[in-house]
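Just below is one structure, and these are the notes that go with it.
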Amino acid sequence: NHVQAAEKTYTIDTDVTFPPFVYANTQNKYVGIDIELLKAIAKEEGFKVNIRPVGFNAAVQSVTAGQADGMIAGMSITEERKQKFDFSDPYYSAGIVMAVKEGSGIKSLSELKGKRVAVKTGTAGADYANSIKDKYGFEVVTFDDSDSVYNDVINGNSAACFEDSAVMSYAIKNGLGLKVVTKPTNTTEVGFAVKKGENQELLKMFNEGLAKLKANGQYEKIIKKYTSGTA
Ligand code: GLN
């Protein structure tokens, strides 16, 4: 019975700049699909959250080290990660696209020979870059947050970056000077994660809450709010 029991607080780590999933708004408050879903689920299920925007790779490290109870950061559900994490039911999907500076003539992977490609440490985009860098002859440079990845392309240091499709589209729609030149690839589902075998009650509550939000229309509302281009 959640009504009378003191509400437990869970520490949930997340990324820093990853709109529309998670980002600081103009009032410096963390918002986005992930933050709103998590807060609505916590309210529905009767638990509290302490959200720490530490960065994607830092979140991966802290959850696997047992220093955070879970993470939500537009995180791709992959077979490799399932060795270390238990994932919730999916709440979105993500595919990787290649983006270049607006006005750049580069249109494909084969034009990256001898150039640099920027990615974020520990992400699916970074894995993808590393898996094809020898074939296409490019060098991979890593950064801890997506803003730094985009800046490296804008300032001409890197010829391209690999980023989640929804995230890239959102940033470009909101004025970022990049353009997407490939179709999404390596598409996976996205979920909330806990350390494998740990915090199973939290995972269960997340899934129950998510199902309720899907049934009562709140899920749809949150997704629409952040994907309609008006957020
Ligand atoms: N979806 C990508 C992944 O899980 C990127 C996540 C992120 O950068 N926050 O690797």
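Can you say whether K113 is touching a Phe, Trp or Tyr at 6+ places or on another chain (Cβ under 9 Å) and either within 19 Å of G177 (Cα to Cα) or without any contact (Cβ under 8 Å) to a residue 60 or more places away in the chain (or both), as far as the supplied structure shows? Yes; evaluated as a whole, the condition is true for this residue. Just so you know, in the range 1-15 the residues that are assigned to a loop (DSSP other than H, G, I, E, B) and away from the ligand (no atom under 16 Å from the Cβ) include one that is nearest to S146 (Cα to Cα), and it is K8. What about G70, is it assigned by TED's automatic domain parsing to the domain that holds A124 and not hydroxyl-bearing (S, T, Y)? The answer is no for G70. Looking at the structure I just gave you, is N174 modelled with pLDDT of 95 or more and of a type outside the set (S, T, Y)? No; evaluated as a whole, the condition is false for this residue.
Residue-by-condition table, conditions (1) touching a residue at least 40 places away in the same chain (Cβ under 8 Å); (2) closer than 16 Å to L202 by Cβ; (3) hydroxyl-bearing (S, T, Y):
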{"site": "N50", "(1), (2), (3)": "yes, yes, no"}
{"site": "Q61", "(1), (2), (3)": "no, no, no"}
{"site": "T64", "(1), (2), (3)": "yes, yes, yes"}
{"site": "G70", "(1), (2), (3)": "yes, yes, no"}
{"site": "T78", "(1), (2), (3)": "yes, no, yes"}
{"site": "R81", "(1), (2), (3)": "yes, no, no"}
{"site": "F87", "(1), (2), (3)": "yes, yes, no"}
{"site": "Y91", "(1), (2), (3)": "yes, yes, yes"}
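If a residue counts only when it is within 11 Å of the ligand (Cβ to nearest atom), which strands (runs of 3 or more DSSP E) contained entirely in the range 16-129 have at least 3 such residues?
Correct list: 92-101.
The values are calculated or read from the model by the stated rules, or taken from the named source; none is laboratory data. Quick caveat: nothing in here was measured; it's all calculated off a predicted structure. Cβ sites come from the backbone with ideal geometry, for glycine too, and all protein chains shown count toward neighbours.
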